[in-house]
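The values are calculated or read from the model by the stated rules, or taken from the named source; none is laboratory data. Owing to the predicted nature of the structure, the values given are computational and were not obtained by experimental measurement. A quick note on method: Cβ atoms are made from the backbone with ideal geometry, for glycine too, and the neighbour counts reach across all protein chains shown.
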Amino acid sequence: MSFSWAKQYQPTSAFGQWVDERLPLPRFVYNAVGAGYPAPRNLNYFWNFGFLAGAALMIQIITGIVLAMHYAANSGIAFDSVEHIMRDVNSGWLIRYVHANGASMFFIVVYIHIFRGLYFGSYKAPREMLWLLGVVIFLLMMATAFMGYVLVWGQMSFWGAQVITGFFSALPLVGEPIRQWLLGGFAPDDATLNRFFSLHYLLPFVILGVIILHVWALHIPGSNNPTGVNVKSEQDTVPFHPYYTAKDSFGFAIFLIVFAALVFFAPNILGHADNYIPANPLSTPAHIVPEWYFWPFYAILRAFTVDFLWIPAKLWGVLAMFASILLLFFLPWLDRSPVRSGTYRPMFKIFFWILMVDILILAVCGMKPAEEPWVRLGQLAAAYYFAHFLIILPIISKIEKPLPLPNSITESVLGGNNTVGALAGNAA
Amino acid sequence: MATVGQSESPDAGVIEGARRRDFIHVAAVSWAGIGVGAIGLPLINQMSASADVLALASIEVDVSSIQTGQAIKTSWRKQPIFIRNLTPVEIADANKVDVATLRDPQTLAERTKAGKENWLITLGVCTHLGCVPLGAAEGEVRGDFGGYFCPCHGSHYDTAARIRKGPAPANLAVPEYEFTSDTVVKIG
């Protein structure tokens, strides 16, 4: 599965030899993230974010297991048990702030990881399966993050649970029964809290499992790279270790600095003050808003304000929101351009950045209260989001004239821009 | 670090002295080790008793209603405490014993406060494997030596709650306590 010039694992001791013949785990690690895995020599810092996402998941799992030792999933005492963690448990404040901000850090690095894939065409053949598994991980992350937020059982937790499970009531006929089945009642309560706790503990390990498949699917073709040009010879690659282990470690250190700054200096800046009020089923906060990483999707949800084609606005909103993510499953077949990297696609590059701005606008609209001008702006931005994937991408992949590609990764690294290379068709 | 020192290293030929890269490695790994320690400590320490548990670490008990010969059970740090008002006979029994013959040699005086020798305050936790011995409540078996008897594995304690027979290695523990008045005792 790797390149023919990949270094072979050589046990350095008799004991290593003994282990290798019985359980070749060191060999496996060597071939996966060691010197036995050749990676393109030109990977830039955007290629750190896969590793960072994995590190963020491990931080969430470790701090989460610890928090579960002190948390009580009972609607009567859940909120108090969180305060108990903050005030009484040794270093509990630190562990909870790391976990709460860790979710944000996880989404930040995953969004950068996704945008990296979008820009450099990492979803294209032969990496479609890698991309699909990534979208699955993203969906699992969203479910996990939402359920974790409910566990705090503050006002935002409760009303978030009310609103998100309310999505399902938009479905005709079966909607309300499904919602009651999800909640285990008519409104979020003990039953909801207990199942969310159970699933919030389970899903990270499911994510871990899908990540193993994701990395497996990565190792079949190997990493994409900033030129999008295939690896052609040994000189196009360097061994993963020590080159990218060192680069990832450096990136990890930067990640930890930002993370620590957030935890120690602004631990609540990404949260909502209302969630420090215990859940009250009889009083909704004036302004319900999800965590920042859901804002763009929340804006799409709210974009439909009138019934249309006999389908109620509520159902349109829910369908659009789910569609905005499910759309990503079809991306490898919507963008037909054989050139991967946006660097060599002059039109794609422009529209990529417009999409980034569009998502930013959606995020702002999702954060703002449902009033003008944010509703209208959100509608336009949502429409553009779908247009980008369903109309613009298929068209520009037909009409665009890509820039000349370098003949090889090595040439792009060493040769500068004066070499005229092969055209688009040779990329794949 | 295993692959360092191959041909890519510009000063691989230098044998004497530390290379710049060696210093960087040692410094980086040391610093990372400090970081791991700084993160690991809270993750381990979170399992220690929390502040709300420690806040309940001392209690006050009014012993005025305990008649001579009676005992009560109360709870301290989620563990049973026996408070016994010894009779003169029980005190005499306890003082009669040759301390040198005991498994855990202690006199009654050493296990009570001066002037309050009739107040025997011990943990109700058998020193063998942690069961609650019988004998504090009315009508319970008090063992061969008239003190406490642990039904789990048959440890007999005498009237000073000292181990006399059975598998327990030590006397029932005496907690830290003091009489804050004639009738109120502060445990812990």
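Which residue, of A:Pro281, A:Pro267, A:Pro226, is surrounded by fewer than 18 Cβ atoms within 10 Å (Cβ to Cβ) and under 30 Å from B:Ala28 (Cα atoms)?
Details: A:Pro281 fails: under 30 Å from B:Ala28 (Cα atoms); A:Pro226 fails: surrounded by fewer than 18 Cβ atoms within 10 Å (Cβ to Cβ).
Only one candidate qualifies: A:Pro267.
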Residue match in segment A:237-250 (condition: among the basic types (Lys, Arg) and within 14 Å of chain B (Cβ to nearest Cβ)): yes
Subset tally (residues that are more than 19 Å from the chain's Cα centre (by Cα) and either part of a loop (DSSP other than H, G, I, E, B) or under 15 Å from B:Ala173 (Cβ atoms) (or both)) for segment B:109-130: 6
Segment A:395-409, subset under 15 Å from A:Ser337 (Cβ atoms), touching a residue at least 24 places away in the same chain (Cβ under 8 Å) and in a helix (DSSP H, G or I), residue farthest from the chain's Cα centre (by Cα): A:Ile399
Residue under evaluation A:Asn74, criteria (1) surrounded by fewer than 18 Cβ atoms within 10 Å (Cβ to Cβ); (2) in a helix (DSSP H, G or I); (3) more than 9 Å from chain B (Cβ to nearest Cβ), criterion not met: (2)
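If we keep just the residues of segment B:49-65 that are assigned to a loop (DSSP other than H, G, I, E, B) and surrounded by 16 or more Cβ atoms within 10 Å (Cβ to Cβ), which is farthest from the other protein chains (Cβ to nearest Cβ)?
Filtering segment B:49-65 for residues that are assigned to a loop (DSSP other than H, G, I, E, B) and surrounded by 16 or more Cβ atoms within 10 Å (Cβ to Cβ), the one farthest from the other protein chains (Cβ to nearest Cβ) comes out as B:Val63.
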Condition check for B:Gly139: assigned to a loop (DSSP other than H, G, I, E, B), at positive phi and surrounded by 15 or more Cβ atoms within 10 Å (Cβ to Cβ): no
Residue match in segment A:14-22 (condition: surrounded by 15 or more Cβ atoms within 10 Å (Cβ to Cβ) and under 24 Å from the mean Cα position of the chain (by Cα)): no
Residue within segment A:227-238 that is of a type in the set (Gly, Ala, Ser) and within 21 Å of the chain's Cα centre (by Cα) present: no
Number of positions in segment B:146-180 that are touching a Lys or Arg at 6+ places or on another chain (Cβ under 8 Å) and assigned to a strand (DSSP E or B): 12
Some residue of segment A:264-280 being over 28 Å from A:Val135 (Cα atoms), over 21 Å from the mean Cα position of the chain (by Cα) and within 14 Å of another protein chain (Cβ to nearest Cβ): yes
Residue in segment B:66-85 that is surrounded by fewer than 15 Cβ atoms within 10 Å (Cβ to Cβ), hydroxyl-bearing (Ser, Thr, Tyr) and more than 14 Å from chain A (Cβ to nearest Cβ) present: yes
Breaking point among (1) assigned by TED's automatic domain parsing to the domain that holds A:Arg127; (2) surrounded by fewer than 17 Cβ atoms within 10 Å (Cβ to Cβ), for A:Asn275: (2)
Test result for A:Ile392, more than 25 Å from A:Phe297 (Cβ to Cβ), in contact (Cβ under 8 Å) with a residue 40 or more places away in the chain, out of contact with any Asp or Glu (no Cβ under 6 Å at 6 or more places or on another chain) and of a type in the set (Val, Ile, Thr): no
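Which one of these is among the small types (Gly, Ala, Ser), at pLDDT below 90 and either under 23 Å from A:Arg376 (Cα atoms) or crowded, with 19+ Cβ neighbours inside 10 Å (or both): A:Ala323, A:Ala313?
Details: A:Ala323 fails: at pLDDT below 90.
None of the others qualify; the one that does is A:Ala313.
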Filter result (surrounded by fewer than 14 Cβ atoms within 10 Å (Cβ to Cβ) and outside any helix (DSSP H, G or I)) within segment B:86-102: B:Asp98
All positions within segment A:354-373 that are assigned to a helix (DSSP H, G or I) and either under 14 Å from A:Leu393 (Cβ atoms) or of a type in the set (Asp, Glu) (or both): A:Ile354, A:Leu355, A:Asp358
Sole exception among (1) at pLDDT below 95; (2) in a helix (DSSP H, G or I); (3) closer than 21 Å to A:Val135 by Cβ for A:Phe351, by number: (1)
Breaking point among (1) of a type in the set (Phe, Trp, Tyr); (2) in contact (Cβ under 8 Å) with a residue 40 or more places away in the chain; (3) not assigned by TED's automatic domain parsing to the domain that holds A:Ala55, for A:Phe308: (2)
Test result for A:Pro204, over 19 Å from A:Phe322 (Cβ atoms), outside any helix (DSSP H, G or I) and modelled with pLDDT of 90 or more: no
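Out of all the residues in segment B:48-62, which are β-branched (Val, Ile, Thr) and at pLDDT below 90?
Selection gives B:Val53, B:Ile59.
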Looking only at segment A:171-187, and only at residues there that are within 22 Å of A:Phe322 (Cα to Cα) and in a loop (DSSP other than H, G, I, E, B), the one that is farthest from the chain's Cα centre (by Cα): A:Leu173
Candidates A:Ile95, A:Ile65, A:Ile61, A:Ile85, filtered to the one that is surrounded by fewer than 18 Cβ atoms within 10 Å (Cβ to Cβ), within 10 Å of chain B (Cβ to nearest Cβ) and either part of a helix (DSSP H, G or I) or among the aliphatic types (A, V, I, L, M) (or both): A:Ile65
Filter result for the condition that a residue is free of Cβ contacts under 8 Å to residues at least 24 places away in the same chain, touching a helix residue (DSSP H, G or I) at 6+ places or on another chain (Cβ under 8 Å) and hydroxyl-bearing (Ser, Thr, Tyr), over A:Ser91, A:Ser75: A:Ser91
Failed item, numbered, when B:Ile39 is tested on (1) surrounded by 12 or more Cβ atoms within 10 Å (Cβ to Cβ); (2) more than 10 Å from every other protein chain (Cβ to nearest Cβ): (2)
